[in-house]
Every structure is written in structure tokens, then in C-alpha cells.
Amino acid sequence: MQCQCKTPEGNPLRGRFNSWLLEKFEDAFHEEVGERKAHLFANLKGSVVEVGPGNGVNFRYYPKDLSVIAIEPNPYMHERLKESAQTHNVDMELISTSAEVLELDDASIDAVICTLVMCTITNPEIALAEVHRVLKPGGHFIFIEHVAAPKGSGLRIAQDLLQRPWRWLFEGCHTNRETARLIEAAGFDKVEYECFKSKIMPPPILPQIVGVAIK
């Protein structure tokens, strides 16, 4: 396991709080979406980039013999992330750059994974362009994300109202980001996803999507 960590950024209080919170919810996440993740990750092979792996909650589902590049800019996640890699025997290279600047060669990666990450990225269109760039032809972008409720709905109004304080507390998380639309517009040859409503998330982020985009 290697670590290529650039200058740490992020708020130390919020960063540590969110790392702690994700750890507390890990079993609940597993209960709710573990079966979906196991299915989506079952055929992963070769080189895999996980954008925003946090504490490494996805590592338990990874097949053996993957080469994993973890893009995690929050330095307060790194200790738990490394521990998870060791626990699940994941060959991980840790890079603490942002999703908008993946310092990887064009068409060099077999799969990219994002779970509950696109909501926090400052420029998601740029990040998705980077994902598309580094994927090999036929490569898979696997995602599970919370998304905006339909416009005009009561939940969407609440999402819009809570946007600023929520974003501050949860490290840039946007309650009302239309992530499905952004993925569909990112230039992939095929995008398939299903919508579901979380049973464990707070109300502002109940609407979820899970799917795969193929380059």
C-alpha cells in the first residue's frame, strides 16, 4: 500500500466529525445497499479508481487482486481509510487531490466508483469529464448517489431551503444536486440507473440513484 498525499486541506472539526459519522453509519449502509454494491462490484478487475472513498466503506465488497487508486481529499478520513484497506487486503494507492484533477493517464482505468460523493464535488461537470477521460473504452463508472427531488415537490423546496447550512456542515454536500442529469450529459455511451428512496438517510437526502455508465 502506497500513499501519495499532497498538502491536507479541509476543516479539522467538520472533517473529523464527518469521518466519525460515516463510521457510525457503516453497518446501516451495509444493511441498506450492501447487496447492490456486492452485485455492482462483483466483476471489477484490473485498475479501479474510487473517488471519495471516505473511510473505505466499499472495500469489503471489492474482489481480490484489484489495483485501487483512492482519491480522498479529506485528510481526516485517511487513518480509517488505510485501516480499512489493511483489514480487507486492498492494494491501495492514496492520493489526496480533488476529483476535478485526476492525475492519471487518458484511457488508463478499468472502472471508477463514486458512492455518495458527487454531491460534495465543487465542479461535478469537470469531475465527470475527468472520470470519462481516464476510463478505458468500455470502462464502467459505477455510482450510488443521493439526488434532487422533483422540482415543485415539497421535498425539493425543503432541499433548496436547507442547501446552504447543510453544505457547510457536511463538507460541501448539496442536497438538491441533479446528479442523474449530469451523468447523462457527461458523454458516456450508455447510462443505466434505478431510483430508490433510502430508509436510513435524513429526509433531505432520501432520493437516491444507483447505476452504471459505460464509456
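The values are calculated or read from the model by the stated rules, or taken from the named source; none is laboratory data. In this text, all values refer to a predicted model and were calculated from it rather than measured experimentally. For neighbour counting, all protein chains shown are included, and Cβ atoms are generated from backbone atoms with ideal geometry for every residue, glycine included. Accessible surface is based on the protein model in full, side chains and every heavy atom, while ligands, DNA and RNA are left aside. Shrake-Rupley method; radii C 1.70, N 1.55, O 1.52, S 1.80 Å.
Computed FRET efficiency, Cβ-Cβ of Arg133 and Arg181, R0 22 Å: what is it to the nearest 0.05? That pair, Arg133 with Arg181, gives E of 0.65.
Arrange the residues Tyr61, Tyr193, Tyr76 by how much accessible surface each exposes, largest first, with a 1.4 angstrom probe.
From most accessible down to least: Tyr193, Tyr76, Tyr61.
With kT/(6 pi eta Rh) evaluated at 4 °C and eta = 1.567 mPa s, and Rh the Kirkwood radius from Cα pairs, the chain diffuses with a coefficient of 75 µm²/s according to Stokes-Einstein. Taken along the Cα-to-beta-carbon direction at a fixed 7 Å, the label points for Ala42 and Lys190 span 1.7 nm. Between Ser108 and Ser153, the simple spin-label model (points 7 angstrom out along Cα→Cβ) gives 4.0 nm. Out of residues 5 or more away from Ile69 or on other chains, whose amide H comes under 5 Å of its own, with H placed 1.01 Å from N in the peptide plane? For Ile69, whose amide H was placed from the backbone, the distant partners under 5 Å are Val48, Val49, Glu50, Glu93.
I need the GluC sites (Glu not before Pro) found in region 40-117, filtered to DSSP loop residues with at most 12 other beta carbons within 10 Å of theirs. Before the final figure, lay out the partial values.
Working: sites: Glu50, Glu79, Glu83, Glu93, Glu100, Glu103; in loops: Glu100, Glu103.
Of the GluC sites (Glu not before Pro), the ones in loops of region 40-117 whose Cβ has at most 12 other Cβ atoms within 10 Å are Glu103.
Placing unit charges on the Cβ atoms of the charged side chains and taking the dipole of the chain about its Cα centre, the candidate lying farthest along the positive direction among Ser153, Pro165, Gly138 is Ser153. Overall, region 129-169 carries a charge dipole of about 60 debye about its Cα centre when +1 sits on the Cβ of Lys and Arg and -1 on the Cβ of Asp and Glu, all other atoms neutral.
With a Förster radius of 30 Å, plug the Cβ-Cβ distance of Arg60 and Lys197 into 1/(1 + (r/R0)^6) and report the FRET value to the nearest 0.05. Using R0 = 30 Å, I get an efficiency of 0.80. Cross-link partners for Lys37 among the lysines, with Cα-Cα distance under 28 Å and sequence neighbours closer than 8 places in the same chain left out: Lys24, Lys45, Lys64, Lys82, Lys136, Lys190, Lys197, Lys199, Lys215.
Quick one: work out the % antiparallel among DSSP beta bridges in the chain, nearest 5. List each step's numbers first, then the result.
On the way: 15 of 37 bridges.
For the chain, the DSSP antiparallel bridge percentage is about 40.
Placing +1 on the Cβ of every Lys and Arg and -1 on the Cβ of every Asp and Glu, with no other charges, gives region 89-215 a dipole of roughly 740 debye about its Cα centre. For the chain, the Cβ-based charge dipole about the Cα centre amounts to some 540 debye (Lys, Arg positive; Asp, Glu negative; other atoms uncharged).
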